[in-house]
Amino acid sequence: MPYVKTSDGINLYYEKNGSGIPIVFVHEFAGDHRSWEPQVNYFSRNFTCITYSARGYTPSDVPNDVNMYSQERAWQDIRDIIVGLDLKRAHIVGLSMGGFATLHFGINCPNQALSLCIAGCGYGAKPKNSENNEGFSKVSENTAKDIINRGMKIVGSEYALGPSRVQFQKKDYAGWKKFNDMLIAHDETGSTNTLLGVQSKRPNLYNLTNQIAKIETPSLIINGDEDDMCIEVGIYLKRTISSSGLFVLPKTGHTINLEEPALFNQQLALFYQSIENNSWKKRDRRADIIIN
């Protein structure tokens, strides 16, 4: 099996398909390297597609120490994949937890990113006066305890039927069932430590506005309009990153790339074409509305 060893000694399993400019896909909490199959099947015709399982997700290493998991390590693992595979620079595509990692990678490693696709990014990121990060932290901690007490098979099945997942089940039951079956087979220690080390402790994005605003890398933000915890954050990111565009899919939940793979792929392909043609520009400030 192919692995990249991270700077802190963790083996990350990866798969590489196709040839051309590299795209690195970063999965969500409920996914793993297999979650990008519709994108790999499409983009590997013209790009080198790299998928990998995050630490805590087999066949990557599953550290027992929760201190080996963090938001900082998540974006550093993207960097280590790029360095380990000698990619130099790559397009980065992340969903949910992977979207957070992609955003933080864009903040910290701008010279290694050809572009950023930040999809379904937002859980726990709302301002303090609405849905605060402390509330999300508690939910993550409780889910971790639930996995320990009741097992991944039960808790994972409930997680797969959350308010922003039922859209996937309704549209494509076979696709959702495959997603559910992979989720409930995830390593319990890895899932628990990811919830406790990454999810519950990641910084609120609204506290990082100054850093996010410095991103100049071409960025595409994608949200489903029924993903209530993320869509407002998507608008916030669009308004904060001057080099970004926002694509909202109607009647769509959180598992965007699997729920609507054709639309996701089409918009991402158009994004890459615009970058290649040098037509993906920063926001024209004449479009700004000044509120007195």
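Of a type in the set (G, A, S), touching a Pro at 6+ places or on another chain (Cβ under 9 Å) and part of a helix (DSSP H, G or I): is that true of G156 in this structure? It is false that G156 is of a type in the set (G, A, S), touching a Pro at 6+ places or on another chain (Cβ under 9 Å) and part of a helix (DSSP H, G or I). Please verify whether region 70-79 includes one or more residues that are within 28 Å of Y236 (Cα to Cα), outside any loop (DSSP other than H, G, I, E, B), acidic (D, E) and modelled with pLDDT of 95 or more. Yes: region 70-79 contains one or more residues that are within 28 Å of Y236 (Cα to Cα), outside any loop (DSSP other than H, G, I, E, B), acidic (D, E) and modelled with pLDDT of 95 or more.
The test for being out of contact with any His (no Cβ under 7 Å at 6 or more places or on another chain) and either assigned to a loop (DSSP other than H, G, I, E, B) or exposed (fewer than 13 other Cβ atoms within 10 Å of the Cβ) (or both) does not hold for G175. Just one of the listed residues (V66, V83) is more than 15 Å from F29 (Cα to Cα), of a type in the set (V, I, T) and surrounded by fewer than 18 Cβ atoms within 10 Å (Cβ to Cβ), namely V83.
Can you confirm whether Q199 is within 15 Å of F136 (Cα to Cα) and either modelled with pLDDT of 95 or more or of a type outside the set (D, E, K, R) (or both)? Taking the combined requirement at face value, the residue satisfies it.
Note down all Cβ pairs under 7 Å where the first residue falls in region 233-255 and is more than 24 Å from E216 (Cα to Cα), the second is at pLDDT 95 or above and of a type in the set (S, T, N, Q), and they're at least six residues apart or on different chains. Cβ pairs passing all conditions: K251/Q167; T252/Q167; G253/S164; G253/Q167; H254/S96; H254/S164.
Screening the candidates R45, R34 for the property of being of a type outside the set (A, V, I, L, M, F, W, C), within 19 Å of the chain's Cα centre (by Cα) and under 19 Å from A262 (Cα atoms) yields one hit, R34.
Of all residues in region 140-192, those satisfying the criterion of being closer than 19 Å to T255 by Cβ, of a type in the set (V, I, T) and touching a residue at least 40 places away in the same chain (Cβ under 8 Å) are T143, V166.
E28 falls short on exactly one of the conditions (1) within 16 Å of the chain's Cα centre (by Cα); (2) over 13 Å from T194 (Cβ atoms), and that condition is (2).
Scanning region 13-53 for residues that are touching a helix residue (DSSP H, G or I) at 6+ places or on another chain (Cβ under 6 Å) and over 24 Å from Y272 (Cβ atoms) yields F29, A30, S53.
All of V40, V83, V4 fail the test of being part of a helix (DSSP H, G or I), over 17 Å from the mean Cα position of the chain (by Cα) and β-branched (V, I, T), apart from V83.
The values are calculated or read from the model by the stated rules, or taken from the named source; none is laboratory data. Keep in mind the model is a prediction, meaning the values are calculated, not measured. All Cβ positions, even for glycine, are placed from backbone atoms using ideal geometry, and neighbour counts span all protein chains on display.
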